Amino acid sequence: MIALAGVSFSVAAGEFVCIVGPSGCGKTTLLKMIAGLGQPSAGQILIPQPAKNTPKTAMVFQEQALLPWLNLLDNAAFGLETRGVAKPARQTQAQNFLNAAGIGQFARHYPHQLSTGMRQRGAIARAFLSGAGMLLMDEPFSALDAQTRLLMQEELLRIWKDHRKTVVFVTHDIEEAVLLGDRVLVMSGRPGRIIEDIRVPLARPRGLQDRENPEVRQLAWHIWKVIETEARRMI
Amino acid sequence: MAYLESYRNRSAADDLAPPRVRWNARALIRWAITLTALIAVWELVTRLRLIHPLWLPAPSIVAQKFAEMLASGVIVRQTMSTLTAVLLGVLMGGLPGAVLGLAMGASPRLRAIADPIVAAFHALPKIALLPLVIVAFGVGETPRIVISALGAFFPLLINCMAGARNIAPVYFEVSRNYGASRAKTFARVILPGSLPSLITGLRLAANTSLLLTIAAEMVLPRSGLGAVIWRAWETMRIEELYVGLIVAATLGISIAAISGVLLRRFAPWHGQP
C-alpha cells in the first residue's frame with residue numbers, strides 16, 4: 001500500500017512550514033522520512049547539513065520522547081552530547097536555554113516529575129540545541145490540554161524568533177498551522193498528496209491575539225473547506 | 001483572556017509530585033505482625049504436640065540452637081562461605097549473561113542465532129551438571145562456584161534480553177535522529193532502558209545461585225549452609241536443619257530488599273507514568 005504519492009515541495013532556509021491534512025493521510029510517515037527514520041520507496045529527500053558533525057534534522061515527537069532516565073538538563077543537551085560537545089559546555093548551553101524557556105529551575109528533575117507541558121518544552125529545547133538546520137515537529141502539542149497548548153504555541157514562536165531555524169511542523173489543528181506557519185501545505189487523504197500550498201499573509205512577530213484576526217479566520221475556514229472533502233473521504 | 005493569564009502565571013511547582021520515595025513504616029509494622037503471628041502458631045502447634053518434634057521442633061528450641069551456633073561462630077562462617085560462592089558466581093556468570101542478554105535484545109540477528117541455544121541450555125537442570133563439573137574441576141572450591149555461576153548466567157541473560165526488547169521504539173528513533181553512535185546508543189538508551197529488568201534479573205540470579213550453591217554443598221566437601229543442613233539431617237539434629245533453612249530464607253529476603261533499594265536508587269523513573 002502506498003502512503004504518499006505526488007508529494008513534492010521545497011522549504012527555504014529559516015522558513016516555518018506547516019503541514020495539515022486529515023488523520024491517516026501520511027503526515028507522520030512524511031516527517032519520519034525527512035528525519036531519516038524511514039526510506040521512501042521512490043523519490044528523494046535532499047536536506048543540507050549546516051556543519052560537519054551536526055545532525056541534519058532534529059525531531060520533536062508526538063509522544064513523550066524525553067529519555068526517562070536522564071534529567072531535563074541532560075535530555076535538553078542530548079543533541080550536543082551526540083555531537084561530542086564536552087559536558088560542562090553542553091550543560092551550560094542547555095541550562096541557558098532552559099532558563100530562557102522558563103523551566104531552568106527544573107533542570108535536575110526527571111521527566112516523570114514534570115508536567116506534560118514542561119516535558120514538551122524540554123523536547124523543543126533538545127531540538128533547538130542539537131544544531132540541526134531543520135527542525136521537524138510531529139503534532140508536538142497534541143497531547144496537551146487546550147490552555148497549555150495555546151501557551152506552547154506562543155512559546156514556540158518566541159523561541160523560533162530568536163533562533164530562526166527551518167521548521168517543518170505537522171498538525172491537524174488548522175488554526176495552529178495558520179498562526180505558526182509562513183506557509184501551510186494541505187495534504188489529501190490516502191495516498192497523501194499536497195493539494196494546496198498557501199502562503200500566510202500575516203506579519204511577524206505573531207502572538208495569540210492573531211487568532212482573532214479576520215484574515216486568519218478566513219484562511220483557516222478556506223483550509224477547512226479543502227480538508228473537509230478529504231476528511232469525509234477518509235472516515 | 002484573563003483565565004489564560006492566571007494559567008500562565010501559575011507556579012510550575014504546582015505540577016510537581018514529591019520526588020522522593022519515603023520509607024514505609026506501616027508496611028514494616030504489617031510485616032512484623034504477620035511474622036509474629038506465624039511464629040506464635042508454630043510454637044502452639046509444637047507445644048500441643050500436633051506435629052512430632054522430629055518434623056518440626058518448637059521455634060524456641062530452634063532459636064536456642066541458633067544462638068548456640070551464632071556464639072560458636074559456625075553459622076556465620078558457613079553463611080559467609082555460601083555467600084562468597086553466590087557473589088562470585090553472580091559476578092562471573094551474571095556479567096557475561098547481562099552483556100550477552102543486552103546484545104541479544106538489541107540485535108535481532110544475534111537473537112536469531114543464539115536464542116535456540118540459550119533456550120536449550122536454560123532448560124537443563126543445572127544441578128544435574130554437578131558430576132560433570134566435578135570431573136572437570138576436581139572436588140575443591142571451584143565446582144560450587146561454577147554451579148553458582150551457571151545459576152546466575154541465565155536469569156540475567158533472559159531478563160536483560162527482555163529488558164532491551166521492551167524499550168519503547170521512540171527512544172531508539174530519538175537516538176538515531178540525533179545522530180548517536182552505536183556506543184552512545186548503548187550507553188544512553190539500551191543500558192539505562194534495560195536497567196529495571198537487569199536489577200530484577202540480578203535478584204533472580206542471586207536466588208538461583210543461592211539455591212544451586214546450597215544444593216552443591218550437600219554433595220561436596222563440608223562447607224556452607226548446604227553442609228550445615230545435610231549434616232543436621234545425617235545426625236538427626238533437626239533443629240540445626242531449621243537454623244540452616246531460616247538463614248537461607250533470610251538471605252532470600254535480603255536479596256529481595258536489596259533489589260528493591262537498587263531499583264529505587266538507580267531506576268527512579270521505573271513504574272512512573
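The values are calculated or read from the model by the stated rules, or taken from the named source; none is laboratory data. What you see is a predicted model, and the numbers here were worked out from it, not measured in a lab. Ideal geometry is used to build each Cβ from the backbone, glycine not excepted, and the neighbour counts take in all protein chains shown. These accessible areas exclude ligands, DNA and RNA; they are computed on the full protein's heavy atoms, side chains included. Shrake-Rupley method; radii C 1.70, N 1.55, O 1.52, S 1.80 Å.
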Failed item, numbered, when residue A:175 is tested on (1) open to solvent by 10 Å² or more (accessible area, probe 1.4 Å); (2) within 14 Å of the chain's Cα centre (by Cα); (3) more than 11 Å from chain B (Cβ to nearest Cβ): (2)
Any residue in the stretch A:146-155 that is within 11 Å of the chain's Cα centre (by Cα), part of a helix (DSSP H, G or I), over 15 Å from residue A:223 (Cα atoms) and free of Cβ contacts under 8 Å to residues at least 60 places away in the same chain? yes
Output the qualifying pairs, or none if there are none: Cβ atoms under 7 angstrom, residues six or more apart or on different chains, first residue in the stretch B:27-44 and among the β-branched types (Val, Ile, Thr), second residue open to solvent by less than 60 Å² (accessible area, probe 1.4 Å) and modelled with pLDDT of 90 or more. B:39/B:59
Taking only the stretch B:21-51 into account, find how many residues are within 15 Å of residue B:63 (Cα to Cα) and either of a type in the set (Gly, Ala, Ser) or part of a loop (DSSP other than H, G, I, E, B) (or both). 1
In the stretch A:160-210, anything part of a helix (DSSP H, G or I), acidic (Asp, Glu) and touching a helix residue (DSSP H, G or I) at 6+ places or on another chain (Cβ under 7 Å) is listed as A:175, A:176, A:210
Of the listed residues (A:183, A:211, A:158), the one being modelled with pLDDT of 90 or more and within 14 Å of chain B (Cβ to nearest Cβ) is A:158
When you scan the stretch A:27-46, how many residues do you find that are in a loop (DSSP other than H, G, I, E, B) and within 12 Å of chain B (Cβ to nearest Cβ)? 4
Within the stretch A:134-154, work out how many residues are within 13 Å of chain B (Cβ to nearest Cβ) and out of contact with any helix residue (DSSP H, G or I) (no Cβ under 7 Å at 6 or more places or on another chain). 5
Just the residues that are surrounded by 14 or more Cβ atoms within 10 Å (Cβ to Cβ), without any contact (Cβ under 8 Å) to a residue 60 or more places away in the chain and of a type in the set (A, V, I, L, M, F, W, C), please, taken from the stretch A:31-63. A:33, A:37, A:45
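Quick one: which helices (runs of 4 or more DSSP H) sit completely within the stretch B:103-186 and have at least 2 residues that are of a type in the set (Gly, Ala, Ser) and either open to solvent by less than 30 Å² (accessible area, probe 1.4 Å) or within 27 Å of residue A:80 (Cα to Cα) (or both)?
On the way: elements: B:108-123, B:130-137, B:142-165, B:169-177, B:182-185.
Once the helices (runs of 4 or more DSSP H) in the stretch B:103-186 are filtered for at least 2 residues that are of a type in the set (Gly, Ala, Ser) and either open to solvent by less than 30 Å² (accessible area, probe 1.4 Å) or within 27 Å of residue A:80 (Cα to Cα) (or both), what remains is B:142-165.
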Identify, please: which residue in the stretch B:76-91 is aliphatic (A, V, I, L, M) and over 15 Å from the mean Cα position of the chain (by Cα) and is, among those, most open to solvent (accessible area, probe 1.4 Å)? B:80
Tell me, please, whether a residue that is closer than 30 Å to residue A:63 by Cα, hydroxyl-bearing (Ser, Thr, Tyr) and outside any helix (DSSP H, G or I) can be found in the stretch B:189-196. no
